[in-house]
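Here is the structure we will look at, set down as structure tokens.
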Amino acid sequence: MKKYRCDICGYVYDPEVGDSAAGVDPGTDFDNLPEDWECPICGAGKEDFSEV
Amino acid sequence: MNPIKLTEKIYWVGAIDWNVRDFHGYSTNRGTTYNAYLIMDEKITLVDTVKSSLKDDLISRISEIVDPKKIDYIVVNHVEMDHSGALPDMVDLIQPEKIICSKMGEKALRQHFHRDDWPYEIAVPGEDISLGSKTLSFLETRMLHWPDSMFTYVVEDKLLFSSDAFGMHLASSERFDDEISPAILMDEMTKYYANILTLYSPLVKKLIAKVQEIGLEIDMIAPDHGVVWRSNPMMAIEAYDRWSRNEGKGNALVIYDTMWHSTEKMAKEVAAGLQDEGVSVKLLNLRYCHRSDVMSEVLDASAIVLGCSTLNNGLLPRMAGFLMYMRGLRPANKIGAAFGSFGWSGEAVKLLNASMEEMKFDVVDDGLKVKYVPESCDLSDCVALGRKVGQALKN
């Protein structure tokens, strides 16, 4: 599973960790994040992320 | 210390820093202000504070209007120390009923001041807070320019407390946009955007669209640095709108550093080639031009040509530092090219190209390297490089 970095603030989404504050379980692939998921640091949308 | 009235019940009570000349790497040649505001309503509210060293100015200005202990709420639009440094002392003095901040603001305040006993109240967009006759409304503006950043809007006055957005580093006894030359305001607002906000342009674009979408009416913008926009807030909004779209003005910059004037000679000929193509060009020698002033020029430029001699198989330190700084600010939509003189190994041009590629510049040439001192045929090649960049600008 690939990591993705937020182009705005630099936060890295690691699928092995997930995003517990947003209810995203560990093991969730970036592509399977809900479309309205936002960067937990800056609120950017999925479209503002690039593969690391 | 004199507070300054913005509207019937709202005052500027901040501090003027006449002395600051270096803001962690950004040259503040005209000093700055840390703006704080006082709303005299049933719930007396202080919006932001100042740098800790100037807290006495803040207390003195508030005291001209009211005993600071009577303040009920403190709004923290931005946690950075130049606006929150005085906060711990102010909280101790005021004992506020609420400290209103964004969700990320609460986290950042706890991580700065380690105070779990403060009365944090998270401002939620869409959930207004009434102060009596006035209503505060909130906009989350994450990464403009920290995760905690937010705007506070006074509904009845159509007044926007915009945190660091629309601000500038400018110390002055005058507090309003109509009291200072528009040329100075544009100069300092450009420098502020270029050095603080360039990398967040996509968010600025979204924010402006959102403000238009919700139909927020703005009569006055009160930022945390520099003047309050009371006569022409659209000047600030339109400038941000333009910069957020990364539209260059069609001009070029030749930014360089040189050891024994060889790269400088090349720079002048590259500039001549650009002029031959009718392109407006500026030569910026990093020995004399501060990186933050160069960034002001980069903001509106369409082409960036970088020149550097090779030193110890690498770049000259001023160019290396400048590239690190520029890369972090992520200027977009630029045409690029590189040149430089060298003695035996000549890595500089390759490094300049790699850096521009990383910034996604459209690098239009492999770059020009000249051994030791350029002769006339080399200088002709430099003119040709300038012309090539000039032609690329027209396409």
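Determine the percent antiparallel among the DSSP beta bridges restricted to the protein assembly as shown, to the nearest 5. The answer is about 50 percent antiparallel.
Using only alpha-carbon positions in region B:252-394, the gyration tensor eigenvalues give semi-axes of 20, 18, 13 Å once each is multiplied by 5 and square-rooted (largest first).
Here the convex hull built on the C-alpha positions of region B:138-288 has a volume of 140 cubic angstrom per residue. Sorting A:12-25, B:344-357, B:221-234, B:275-288 by their mean Cβ neighbour count within 10 Å, with the most densely packed peptide first, gives B:221-234, B:344-357, B:275-288, A:12-25. Placing unit charges on the Cβ atoms only, positive for Lys and Arg and negative for Asp and Glu, gives region B:252-394 a dipole magnitude near 280 debye about its Cα centre. Other residues within the sphere of radius under 15 Å centred on the Cβ of B:VAL91, judged by their own Cβ, net out at -3 (K and R +1, D and E -1). Pairs with C-alpha atoms separated by more than 29 Å, drawn from the list B:LYS51/B:LYS282; B:LYS205/B:LYS334; B:LYS55/B:LYS98, are B:LYS51/B:LYS282. With a cut-off of 13 Å between beta carbons, the residues surrounding B:LYS334 carry a summed charge of -2, where Lys and Arg count +1 and Asp and Glu -1. Say a paramagnetic label sat at a point 7 Å from the Cα of B:GLU238, along Cα to Cβ; which residues of region B:173-189 have their backbone N under 18 Å from it? Output list for this probe position: B:177-189.
Other residues with beta-carbon under 10 Å from the beta-carbon of B:GLY167 carry, at +1 per Lys or Arg and -1 per Asp or Glu, a net charge of -3. Potential lengthening of the chain between B:SER173 and B:ASP22 amounts to 52.3 nm, from the contour at 0.36 nm per residue minus the alpha-carbon distance. Per residue, the convex hull around the alpha carbon atoms of the protein assembly as shown comes to 162 Å³. When B:CYS308, B:CYS289 are compared by accessible area of protein heavy atoms, the largest-first order is B:CYS289, B:CYS308, using a 1.4 Å probe.
Here's the picture: charge each Lys and Arg Cβ at +1 and each Asp and Glu Cβ at -1 in region B:252-394, and of B:GLY390, B:GLY321, B:LEU274 the one pushed furthest to the positive end of that dipole is B:GLY321. Rounded to the nearest 20, the size of the Cβ-charge dipole of chain B about its Cα centre is 1080 debye, with Lys and Arg at +1 and Asp and Glu at -1.
Simple rule: put +1 on each Lys or Arg Cβ and -1 on each Asp or Glu Cβ in the protein assembly as shown, find the dipole, and look at A:VAL24, B:PRO374, B:SER133; the Cα lying farthest toward the positive end is B:PRO374. Shielding value for A:37-50 is 3, the average number of Cβ atoms from other chains within 10 Å of each residue's Cβ.
Within chain A, all pairs of alpha-carbon atoms sorted by distance into 5 Å bins from zero give the percentages 5, 24, 37, 28, 6.
Per residue, region B:252-394 exposes an accessible area of 44 Å² to a 1.4 Å probe, with every protein chain left in place.
Chains A and B together bury roughly 700 Å² of accessible surface, counting both sides and using a 1.4 Å probe on protein heavy atoms. Based on DSSP H segments of at least four residues, each scored -39500 (n - 2.57), chain B has a per-residue ellipticity at 222 nm of -10500 deg cm²/dmol. Along the axis of the charge dipole computed for region B:109-256 (Cβ charges of +1 for Lys and Arg, -1 for Asp and Glu, origin at the Cα centre), the listed residues B:HIS114, B:LEU160, B:ASN195 are led at the positive end by B:ASN195. For A:LYS3, the lysines whose Cα comes closer than 23 Å to its Cα, not counting residues fewer than 8 places off in the same chain, are A:LYS46, B:LYS360.
Per the Cα gyration tensor, region B:213-296 maps to an equivalent ellipsoid with semi-axes of 38, 17, 9 Å, ordered largest to smallest.
Quick one: length gained pulling B:LEU93 to B:VAL66 fully straight, 0.36 nm per residue minus the C-alpha distance?
Separation in residues times 0.36 nm, less the Cα-Cα distance, equals 8.4 nm.
Packing, taken as the mean count of other beta carbons within 10 Å per residue, orders the peptides B:115-121, B:266-272 from highest to lowest as B:266-272, B:115-121. Can you pull the Kirkwood radius for region B:87-207, inverse mean 1/r over Cα pairs, to one decimal in Å? Hydrodynamic radius (Kirkwood, Cα only) of region B:87-207 equals 16.4 Å. Averaged over the residues of B:141-150, the number of partner chain Cβ atoms lying within 10 Å of the residue Cβ comes to 3.
Looking at the calculated P(r) for chain B, what percent of the C-alpha pair distances fall above 39 Å? Roughly 28 percent, rounded to a whole number. Summing Cβ point charges (Lys, Arg +1; Asp, Glu -1) relative to the Cα centre of the protein assembly as shown gives a dipole of roughly 1360 debye. Using a 1.4 Å probe over the heavy atoms of the protein chains, calculate the carbon and sulfur portion of the accessible area of region B:4-244 as a whole percent. Answer for region B:4-244 is 48 percent, counting heavy atoms of protein chains only.
The values are calculated or read from the model by the stated rules, or taken from the named source; none is laboratory data. What you see is a predicted model, and the numbers here were worked out from it, not measured in a lab. Neighbour counts run over all protein chains shown; Cβ positions are idealised from the backbone, glycine included. All accessible areas refer to the heavy atoms of the entire protein, side chains included, with ligands and DNA or RNA removed. Shrake-Rupley method; radii C 1.70, N 1.55, O 1.52, S 1.80 Å.
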